[in-house]
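In what follows, a structure is listed as structure tokens, so that the remarks can point back to it.
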Amino acid sequence: MSLGYAEKLSFIEDVGNVGMTEYFDPPLLLQDKIERLAVMIQKSKHLVVFTGAGISTSCGIPDFRGPKGIWTLQREGKALPEASLPFHRATPSMTHMALVELEKAGFLKFLISQEKFCSAPSNVLCSSSLLNENIDGLHLRSGIPREKLSELHGDSFMERCPSCGIEYMRDFEIETIGLKETARRCSKVGCGVRLKDTVLDWEDALPPKEMNPAERHCKMADVVLCLGTSLQITPACNLPLKSLKGGGKIVIVNLQKTPKDKKASLLIHGLVDKVITGVMEFLSLRIPPFIRIDLLQTIFTQASSLDEKYVNWSLAVASVHGNRAPLPFIKSVEVSFSESQNMKAAVLDKQPLYLKRRTVKSTNPFNIMMKLNFSDGCKCSSAEIMIPIDFKISADVFKDDKDSILQNLRESALTDPSCGQTSVIEKKFIMVPKSEVIVHAIVTNIVKFDRSYDGDLSNGSFKRKYECLNGVIPSRKRSNGRKPRAVINVR
């Protein structure tokens, strides 16, 4: 998680301002500001959102500059915070998912993710991957389209081909930072160049691929909403200011004061999740659940024994990112067989997950049952997969529409009282060696956001509720005494 990421950064003594005082608007003032923000969003033609580390702290990812941030505690000589879950299992916050809904509803036109400290001169396009939000990958994981997102300081889960530009989103944290080569190569036919990580170190330049569209959309914006960012670091912190020349307005939602506060048309000192929850209620929009779907592949390989009496076969449970890539969401696999088969069950608990067996060649078709036990951080405990085995190899390839399958799986997860639903995305056969490769999609997390805006906007601790979804999200009920809001037309 971000603690490990901090250790990967090159050493630098000056990490900027840390441990700054937090401010909280009184409840009635906060409510008024939330409604003003909602009206601004409702009337906007080109809304751009500019996010920092403050929208991810509720996800269990510690920041660096806050009162309990890593570098704040280091400077005070105190023990570092404990990560509440593995970095690769962090789930989007209410704010992340609200932004997804705002994009689907046609309000949000572009999203910029950043929050870093730069030690280079201000005229150098430098960035420093200091805080968590810029590299946690939660915006993409939540469902924001890639073409509407600039991740100025990279993504800990993304690799990019320096030759053809293809990006690879992984389910494991990339082992390097600083735009270095990784252990994998581009899979595009005819390319094969070694991939590089996308996370910037202290003095790496902001990539034009991310910076240029961010600057263009800020110039077009009539509202730039800054969420959970200290707005300290140049040149990224100056992006919202580019909206002012065209008559745009800046809104800042942050617990700490920022250098850009005087430029803001609206300044809100409140917890980002609370503020966004109130905005969504005003706009009659729900915060959608987050459903995480992970992929893995099973590889069944067979070969006849020298005397042709037996079939030697193996079963591998592997990452879709390559046989040598880690499979971080699987803790163990319990393998069993049809009752008619006199084969001993097995537990695979060390990666690579691999099982070898020998079967008499005249054996009738049978089934392999696998119970996949998920690792820490998965809100679902397990899932089950059955693989029918008949030792026949076909040249046919099954490949359904991936997006449709994933959408059907999400809808199934919303109506099923449990999670761990699975579906086959692709099945292919390889003649040498004789193998059947099946790609499985599995629901591993369901997070619902069932707290509606009830008029209680007292600032204080705000807890996210992680749990498996036992049915459809209930409709929101307005608190007594509040005027009904006009229904917003959505796409």
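The values are calculated or read from the model by the stated rules, or taken from the named source; none is laboratory data. Predicted, not measured: the structure shown is a model, and the values here were computed from it. We place every Cβ from the backbone using ideal geometry, glycine too, and count neighbours over all the protein chains shown. These accessible areas exclude ligands, DNA and RNA; they are computed on the full protein's heavy atoms, side chains included. Shrake-Rupley method; radii C 1.70, N 1.55, O 1.52, S 1.80 Å.
Structure summary
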item	result
Where Cα atoms sit under 27 Å apart: lysine pairs in region 303-363 separated by 8 or more or lying on different chains	8
Area accessible to solvent at TYR310, 1.4 Å probe radius, in Å²	70
Mean shadow area of region 219-309, taken as a quarter of the surface of its Cα convex hull (nm²)	12.6
Packing rank of 178-191, 217-230, where each peptide gets the mean count of other beta carbons within 10 Å, highest leading	217-230, 178-191
Residues of type lysines that LYS188 reaches as a straight line, Cα spacing below 16 Å, ignoring anything fewer than 8 places off in the same chain	LYS196
Positive-pole candidate from LEU353, LEU327, PRO289, dipole of region 221-354, charges at beta carbon	PRO289
Dipole magnitude of region 268-402 about its Cα centre (Cβ charges: Lys, Arg +1; Asp, Glu -1), debye to nearest 20	320
Heavy atoms of THR198: accessible area, 1.4 Å probe, square angstrom to 10	10
Accessible surface, 1.4 Å probe, highest first, among residues MET369, MET211	MET369, MET211
Simple Cβ-charge dipole of region 211-285, Lys/Arg +1 and Asp/Glu -1, about Cα centre, in debye nearest 20	360
Accessible area per residue in Å² at 1.4 Å probe, computed on region 252-321	33
Sulfur and carbon atoms: percent of accessible area, region 298-347 [1.4 Å]	48
Violating pairs (Cα-Cα greater than 18 angstrom) within the set LYS402/LYS427; LYS104/LYS260; LYS33/LYS274; LYS219/LYS245	LYS104/LYS260
Dipole magnitude of region 325-412, debye to nearest 20 (Cβ charges: Lys/Arg +1, Asp/Glu -1, about Cα centre)	480
